[in-house]
Structure formats: C-alpha cells, structure tokens
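The values are calculated or read from the model by the stated rules, or taken from the named source; none is laboratory data. Fair warning: this is a prediction, and the values are worked out from it, not measured in the lab. Here the Cβ positions follow ideal geometry from the backbone for every residue, glycine too, while neighbour counts run over all protein chains shown.
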C-alpha cells in the first residue's frame, strides 16, 4: 500500500526565504527540506567547512609533505565504485601536481573483494612502494594494514565508511566518522575526504615555502571529480556536500571539466553546459560504475586521468558499452528474481534475501535496489563468489540500519557472516553458500524486530500540488539549476489529471498527454506499457525534453493511481 504525503512547510522558514528574495514556489521547496535561513543555501567555496576540523588531517599533510620531499613512492589503493574511482583520480592528479611520485591500483572485485586485504598488499608490494594510500576504503582493513606493516610499507588511510570495533594500525587515518573526529559534516564521500586532505597538504607545503619558486596548484580544478563521486555515492547532500557539488557543476557547465567527464557526458549524449546533479547520478555515475561491476575499475580511473580528449573518448565508449551490457544483465536478473517471487508473497515477511547461481556478482547491488523499491523492505541479493562463498549486496529502507542489522546477526550467530561492512541504506557481506538458508532466517528475525508493519508502508513525499501556471519550462530550468540528491531530494508534486492520449514508445514506456484545468501537457511514464485509465492521480516531476535542438516541458510520472 502507498501513502502520498505532502511535505510539511515551516511557515517561519518560508517567510524568511521569501523575504530574502526566493520565489514562493522555490521557498516552499527549500523550507520543506529543512532550510531555515538563506545562509544554508550558500554554495560559494568561501562557505566550505575548513579542513582543520578533520581529525589527523594536519598529521596526514605533514606525512605526505615529508614523503614528497624524500621522493618516496606512493601507491593509491582505490575502490571499485564511482566514489573510489573519483577519489583515486583526485589523489593521483592532486599529488602529482604537488610533485609526488604516485601511481594506483584498484582491486578487481571478483578476485580480491573489497578494501586493503592482505592479498592486495602482496599485489601492491610487487611495485615496491614506500607508502600505501587508501581512498574510499581502509577503515576496516585491520589485517591488510598489519600485513603492510610487516612488509615494511606505511599505510595512510582516507575513508568515510563507519569503523568497526578495532581501527587498523595505520600510520595515519583521516575519516570524519572515526571516533573523536569533530568534523561538522559526517557525510563526506571518499572523494571529499581525499580532496580535504589535499587542501591540508597544500597549506602544509605553503608553510614550507614550496611555492616560492613553483606555481601553486589550483585544487578547484578537481571539483568536477569531487562532484561526480559525491553524487554517485548517494551520500547525504548536507550544505557542505552541496557546495562541493555546486562548485563542480559550475566547472562542468563552463567547459572546465576534465577530459574524462566530458567524454562520459558525450557518450551519454548530454550537453555539459546543461548538466545537472541528477545527470551525474543517473547518467555519468552508472557508466563509470559499469567498469567496476563487469570488468576492472582501472578502465574508469584511466578515463578520469586522461588529459587527451581523444583517448578519454575511446575509454568512455568502452564504458558506455559495458553499461549497456550491465543493463541487459540487470534486466535478466530482475526477471528471474520476480519469477522466484511469484511463488512467494513478499508481504509475508519483513525482508527479502535471494540467491541465484546465475546472477552476476557486479550487478547484485542494483538488483537489490530495484527490488527494495518495488517491495519496500530490506533486500539482499547474493551471487556466487570463490571457495564456496556467496557475496551479498543489500539495500534498506528507513527504520532499518543495514550495517547495524548485519552486526546484530553476526553477534547472535558468530560463524554465520564471514565479513560485512557499509552504511545504513547500503551494505555488503560474505557468507558460506551452505549457510544461505540459515542467514535468511536469521536476517528475517532481526528485520522483524527492528521494523514495524508501519515501516513497510511505502510513503511518497511530495511538494504538494503545483498550480498549472507554474508548470512551465522556466520552472523546470530553475529546478534543474539546483543541487538535488540524497537527503535533499529533487522536487516532485501530485495532482489529478485526465489522460487525453497515450501511446507506447520504446516498447516499454508510455508517452502521455495529460489535461489539468484546461491545460494540456506532455508527460512520460517509464517502465510501464499498459494503458492507463482516463482519470489518474499522479506523482510527477518537471523535466526538460530536448528534441531536434528544441526544448519543451515534460512531466515525468513517478507514481500513479
């Protein structure tokens, strides 16, 4: 069952924003997202939180400056998602600009799994680095750091994931979520953490007089990468993250993005000058992620490191092809999962845990996300890994912190989960294939305790009804200019419409012409090809439809009844 609920609009905040010059419609939207003062909407770089609040960041800067001065060899240990790829590109580009000797490796998820494992340390040791620098991983790599220490390599950890009970014995750790870190924003993505480390390093090098004879690198040139990784990792867009994203978007829109991001936009048929935060999340991010899901994320990182436009475009074309393959695999997996569920009523339980030996390990996270959206309950999809293990990727709903739920299962059944990690809404784990049935029971028990029947009611929050006079192309453009994402959702509205006409396009979408108060407006409903009734109540968002160089308003129907 679905409940459509208009967001509450605090009157005092609304009046304040209107007084500060925001239009009533935009003021309503911002007030409904917790904005109480216009200062919270500032996106200039001057309002970014200072790096001083990050625990150990000055020590990290000192150590990196020493390493650069001593010509030590650094090796970045990346992660295989878009956040890890952008964090790696930021690290390599930034450190090289400061004169460091630096290269990178990224674990192949199918061979090595996640993070700085002892196996990755041995792989890294082949190139004889002095220092391993983790980006978007490392906070849980207790064994890997210990092995690096044993082999005589220092480890610098930059991460944003939640730590376990024991921190790794690294030479230095920068992570806003580590114990006793006072940094005001706990929502930095991995790429954001690495960017902050570079800010601190630049300040350290200034005090050492490093730029008296050399040009000082402009770190703002990395903000396109920071914006992409921040949006793609679906971290909460608090004000600090919105500043990072807005600043990065400005660089992309004004033609100052790196060759790799421009190439990814080109293969996706997106115009840089018109790119939005949603384009980063739903168009660029998936193409970059496709490398880590199906192949090797070093392909994606090399795209982001390419300075030659032609070379970047060649790699981006490969990533685009991988993304099309990923989508095909995802569709097949979703069809097989729904076929299994035909004999099961998902509403009988508080969770879903599914396994199919044909499923692709790199796509189970997307499958879990799709099923979570469809059935509105925590979902974990498993695929076969090596040595009789299953790897699971989970997505959750409000009310159940997924990593904490795994932790509770692990405490109650110590031998059941081999390893786990992640966040509240997304987490992963490994189990033995023979333990799958036992895990299903154990996880359902925990989910039934942490969730209520009310939590399983799908609630769609909207910004209420939209007067037809405000259903305009200019309104869509204004909304497109803002930064939307996790924790600061893009506006959507709900109204009654009459369906004037409808036809199937692309075999599985409905092209609609809707009527409201005498106004006819074009709309599209993706992923649905069955006819709609004449009268519908729809949840929708405003979008810009481009065809043959012309722009027009189009509603995207998100839900109807």
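Test residue 446 against the criterion of being crowded, with 18+ Cβ neighbours inside 10 Å, at pLDDT 95 or above, touching a strand residue (DSSP E or B) at 6+ places or on another chain (Cβ under 6 Å) and within 30 Å of residue 387 (Cβ to Cβ), and give yes or no. Here the answer is no, as residue 446 does not meet what is asked. Residues in the stretch 23-47 that are over 24 Å from the mean Cα position of the chain (by Cα), modelled with pLDDT of 95 or more and not in a helix (DSSP H, G or I): 36, 37. Could you tell me whether residue 50 is farther than 30 Å from residue 383 by Cα, at pLDDT below 95, over 22 Å from the mean Cα position of the chain (by Cα) and surrounded by fewer than 17 Cβ atoms within 10 Å (Cβ to Cβ)? No. All of (1) free of Cβ contacts under 8 Å to residues at least 24 places away in the same chain; (2) in a loop (DSSP other than H, G, I, E, B) hold for residue 149 with one exception: (2). In the set (1) surrounded by 11 or more Cβ atoms within 10 Å (Cβ to Cβ); (2) out of contact with any strand residue (DSSP E or B) (no Cβ under 8 Å at 6 or more places or on another chain), residue 547 fails one condition alone, (1).
A quick yes/no check of all residues on (1) within 21 Å of the chain's Cα centre (by Cα); (2) outside any loop (DSSP other than H, G, I, E, B); (3) farther than 26 Å from residue 388 by Cβ:
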residue	(1), (2), (3)
313	no, yes, yes
316	yes, yes, yes
319	yes, yes, yes
324	yes, yes, yes
327	yes, yes, yes
335	no, yes, yes
343	no, no, yes
353	no, yes, no
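Within this structure, residue 324 passes the test of being surrounded by fewer than 22 Cβ atoms within 10 Å (Cβ to Cβ), without any contact (Cβ under 8 Å) to a residue 40 or more places away in the chain and either in contact with a helix residue (DSSP H, G or I) (Cβ under 9 Å, 6 or more places away or on another chain) or on the phi > 0 side of the Ramachandran plot (or both). Considering only the stretch 275-311, state which residues are within 17 Å of residue 485 (Cα to Cα) and part of a helix (DSSP H, G or I). Hits for the stretch 275-311 are 277, 278, 279, 280, 281, 282, 283, 284, 285, 286. Within the stretch 1-45, the set of residues being loosely packed, with under 11 Cβ neighbours inside 10 Å and in contact with a strand residue (DSSP E or B) (Cβ under 9 Å, 6 or more places away or on another chain) comprises 1, 3. Scan the stretch 513-544 for residues that are assigned to a strand (DSSP E or B), touching a strand residue (DSSP E or B) at 6+ places or on another chain (Cβ under 9 Å) and in contact (Cβ under 8 Å) with a residue 24 or more places away in the chain and the total you get is 17. Of the set (1) surrounded by fewer than 16 Cβ atoms within 10 Å (Cβ to Cβ); (2) within 26 Å of the chain's Cα centre (by Cα); (3) closer than 29 Å to residue 487 by Cα; (4) in contact (Cβ under 8 Å) with a residue 24 or more places away in the chain, all apply to residue 103 but (3).
Inside the stretch 342-357, residues that are over 23 Å from residue 291 (Cα atoms), in contact with a strand residue (DSSP E or B) (Cβ under 8 Å, 6 or more places away or on another chain) and free of Cβ contacts under 8 Å to residues at least 60 places away in the same chain make up a count of 3.
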